Amino acid sequence: MTAGEPDGTVPGAGSGPTGPDEPVTVSDRRRIDPETGEVRDATGAGPGPADAEPAAGEQADQSADTDAVGDQVDARIAELTTDLQRERAQFANFRRRAAEEKQGSVAYGKQVLIEKLLPILDDLDRARAHGDLEDGPMRTMADKLSAALGAEGLVKFGESGDEFDPELHEAVQHDGEGAHPVIGSVYRGGYRLGERVIRTAMVTVTDPVEGAPEGTTVGAVPENDETGAQ
C-alpha cells in the first residue's frame, strides 16, 4: 500500500468497544483526489454545496412553469364556461321566441276562421229574435256552434242599456243630450276573442230613462223588431 493512501480503515478500530472484528469504514467524499490531484467523478464524490444550488433553482423554475400552465388551464375553463352559458341563454331565448310565434300563429288562424263565421252567427241571432230557433234541429245546431266557439274564447258583447264605450261600440245614431250615453238599439253584436276585440258592436246611443228599470233606454227598439235584431 502506498504511504498516505487512504484504505478506508481507521487504525486501532479493533481496540474499540465494537470488538476487533468490526472495522469502521470511512468514505472519502473529497472531489479532488489527494494522490493524483484530479477531479473525481461526481457520483463518487457526492453532491456538494455548489451542486445543491442549481437543483433548487431548477425546482423553482419547474414550479413557476406548473403555476403558469395551471393559470392558463383555469382561464380556458372560465372562457369555455362563459361561452356555454351564453349559448344556453341564446337557446332559451330562441325556444321562448319560437313558442310565442307558434302561439301567435295559432291565435291568428283561429281569429281568421271565427271572423268568417261571424255572419253565420248574425243570421242565427236574427232567426232567434224572430222565434225561429225556439225548438227543432236548427236550435240544436245553433247552440252547439255557440258552445264550440265559446270554448275557444269567443265572447259576445253589446246589449241594450250597456254603458256606451267608443272602444267597443260603433255608434250609428245619437239621441238625447249625451251626458251619460248608453246603448239604445243593437244592430250588430260585437265579439271579443280572449282579450282582443275582433269586431265592434254597431249600436245607437241614447240617454237612460230616469226612474225606469235598469236596461230601459229612450228610443229602444223591442227585441222582436227587425230593425233591432242582432
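The values are calculated or read from the model by the stated rules, or taken from the named source; none is laboratory data. Keep in mind the model is a prediction, meaning the values are calculated, not measured. Backbone-built Cβ (ideal geometry, glycine too); neighbour counts: all protein chains shown.
Looking across the range 151-182, the residues that are in contact with a helix residue (DSSP H, G or I) (Cβ under 9 Å, 6 or more places away or on another chain) and part of a strand (DSSP E or B) come down to Leu154, Lys156.
Before we move on, is Gly70 closer than 30 Å to Leu145 by Cα, assigned to a helix (DSSP H, G or I), more than 17 Å from the chain's Cα centre (by Cα) and modelled with pLDDT under 90?
No.
Run down Ser105, Ser185, Ser146 and say which single residue is without any contact (Cβ under 8 Å) to a residue 60 or more places away in the chain and in a strand (DSSP E or B).
Numbers: Ser105 fails: in a strand (DSSP E or B); Ser146 fails: in a strand (DSSP E or B).
Going through Ser105, Ser185, Ser146 in turn, just one is without any contact (Cβ under 8 Å) to a residue 60 or more places away in the chain and in a strand (DSSP E or B): Ser185.
Checked against (1) free of Cβ contacts under 8 Å to residues at least 40 places away in the same chain; (2) hydrophobic (A, V, I, L, M, F, W, C); (3) farther than 30 Å from Ser185 by Cα, Leu117 passes all but a single condition, namely (3).
Looking at the range 186-230, which of the residues that are among the small types (Gly, Ala, Ser) and over 23 Å from Leu154 (Cβ atoms) is modelled with the highest pLDDT?
Applying the first criterion (among the small types (Gly, Ala, Ser)) to the range 186-230 yields 189-190, 194, 201, 211-212, 215, 219-220, 228-229.
With the extra rule that they be over 23 Å from Leu154 (Cβ atoms), the set shrinks to 211-212, 215, 219-220.
Values: Gly211: 55, Ala212: 52, Gly215: 51, Gly219: 49, Ala220: 47.
If we take residues in the range 186-230 being among the small types (Gly, Ala, Ser) and over 23 Å from Leu154 (Cβ atoms), then Gly211 is modelled with the highest pLDDT.
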